Amino acid sequence: MSFKETLPEQCPPSDASDSELNGVVRFLPFKPANNPKNYDSYAELGRDSRNASKCDARSLSLWDITSAKKVVAAKKMAFLKKLELSLLNIPQGSGMNIIKSSGHIDFWMYSNFDPTSNVTSVLKNVDELKQVWTNA
């Protein structure tokens, strides 16, 4: 399978898997919510990926819905306060991922995957995320 972005050697890492990701959260830096740039990596957008490896900088940053408390805490960070969030169900065969113990997910999309068609809902604020988390 080919990936959406050009990846460095040995990326994704050998411990990545092609598995289903249901109820994952993506912070949306662009409007409207269905703007495809919302699903580009930091590297693709030319943004500083801080201390991430070159491989991780080429991944799409997601959060597992079961880690909603951590997502809400991250939402308090200044640059995330104004962002909407999308909930996605990503089927197996869409890309490779690593789910970290923090609930953060590095996701390397296959070139044929369209994330916008897998959005189940767009949340306008943290309170809506809290409601989803309470009902989960």
Modelled label-to-label distance, N89 and K31, 7 Å Cα→beta-carbon offset: nm? 2.9
How far apart, in nm, are the 7 Å Cα→Cβ label points at S121 and K100? 2.7
At a Förster radius of 25 Å, what calculated FRET efficiency corresponds to the Cβ-Cβ distance of S111 and K82, to the nearest 0.05? 0.25
Net charge of Cβ neighbours under 13 Å - reference M96; Lys, Arg +1; Asp, Glu -1: -4
Out of residues 5 or more away from E84 or on other chains, whose amide H comes under 5 Å of its own, with H placed 1.01 Å from N in the peptide plane? L28
Out of residues 5 or more away from F3 or on other chains, whose amide H comes under 5 Å of its own, with H placed 1.01 Å from N in the peptide plane? S111
Most mobile of R58, R50, R26 in a GNM of the chain (Cα contacts under 10 Å): R50
Over 22 Å [Cα-Cα, the chain], rounded percent: 32
Length-normalised contact order for the chain - Cα pairs under 8 Å, 6+ apart - percent: 35
For the chain, whose charge dipole is built from +1 on Lys and Arg Cβ atoms and -1 on Asp and Glu Cβ atoms, the candidate among S53, G23, Q131 with its Cα farthest towards the positive end is Q131
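Placing unit charges on C-beta atoms (Lys and Arg positive, Asp and Glu negative, everything else neutral), compute the dipole magnitude of the chain about its Cα centre in debye, rounded to 20.
Magnitude of the dipole: close to 720 debye.
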Less than 17 Å apart at the alpha-carbon level, and either on another chain or at least 8 residues along: which aspartates and glutamates does that give for K4? D18, D40, E44, D56, D106, D114
³J(HN,Hα), Karplus 6.51/-1.76/1.60, whole Hz, each residue of the stretch 30-36, x for Gly, Pro: 10, 10, x, 4, 8, 5, x
Fully extended contour minus Cα-Cα distance, from E44 to S19, at 0.36 nm per residue: 6.7 nm
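Rounded to the nearest 500 deg cm²/dmol, what is the calculated helix-only ellipticity per residue at 222 nm for the chain, with -39500 (n - 2.57) per DSSP H run of length n ≥ 4?
-4500 deg cm²/dmol
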Once Lys and Arg are counted +1 and Asp and Glu -1 for all other residues with Cβ under 11 Å from that of K31, the total becomes +1
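Every read-out reported here was derived from the displayed coordinates using simple, explicitly stated rules and does not represent laboratory data. Here the structure is a predicted model, which is why all the values come from computation and not from measurement. Glycine also receives a Cβ, built like all others from the backbone with ideal geometry; neighbour counts cover every protein chain displayed.
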